[in-house]
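Have a look at the structure below, then the notes.
The values are calculated or read from the model by the stated rules, or taken from the named source; none is laboratory data. Everything numeric here is computed off the predicted structure, so don't read it as measured data. Please note: Cβ atoms are built from the backbone with ideal geometry, for glycine as well, and neighbour counts cover all protein chains shown.
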Amino acid sequence: MKNAIILHGTKDKPTDFWFPWLKEELEKIGYKVWLPQLPASDKPNRKDWLPFILENWEFTSETVIIGHSAGAQIIPSVLEKLDVKIKQAILVSGYAKALRKNADSENSVDDFDWAKIKDKAEEFYYINSDDDPWQYNDKQGRLFFDNLGGTQIIKHEGHMGSNMFNQPYKKFPLLLSLISKK
């Protein structure tokens, strides 16, 4: 069965930005979709998010995982733990290297096992903007690309969803076309 998981970013919720639109569109084409409220989203932490995701979703060869910002940054950690190769991993405004680390948070993890992750998805897409206000930009997308291959898409559209910068970004047709192209 085709299924998809959509992961939001820091301080966001499932009703923000393009998340509900994408969920509805994927359901229309036969996907079972999980759009969870991630725990402690004000301070994302791999030790909270990773078990929550792995224990509450069944990953199959037909799974598509989409993440935005911190939701994209957890995807490599999820893939490292899987025993199955999924269909697609799509990272929107993701970051591969820590931009701001502090002792209280693991939200910026950059110690991935790239070789292990590379074999866990048929396709990787990295969608970043060259003008992202948090610098989760095309350079960060390039780090994913250099380590995992796939396709890098560079836009000029900020963070592609931000409450702080008043960027509602209610629809994201590019994502739907990447997922439904097969």
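At-a-glance table
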item	result
Whichever residue in the stretch 150-172 is in contact with a helix residue (DSSP H, G or I) (Cβ under 9 Å, 6 or more places away or on another chain) and not in a strand (DSSP E or B) and, among such residues, is surrounded by the fewest Cβ atoms within 10 Å (Cβ to Cβ)	170
The stretch 52-80 residues that are farther than 17 Å from residue 159 by Cα, paired with ones that are of a type in the set (Asp, Glu) (beta carbon under 6 Å, 6 or more apart)	80/113
Among (1) more than 16 Å from residue 69 (Cβ to Cβ); (2) within 15 Å of the chain's Cα centre (by Cα) - the single one residue 136 does not satisfy	(1)
Residue ranges of helices (runs of 4 or more DSSP H) in the stretch 1-87 with at least 2 members closer than 16 Å to residue 162 by Cα	19-28, 70-73
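Condition check ((1) at pLDDT 95 or above; (2) more than 12 Å from the chain's Cα centre (by Cα)) across all residues:
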site	(1), (2)
58	yes, yes
87	yes, yes
92	yes, no
98	no, yes
124	yes, no
129	yes, yes
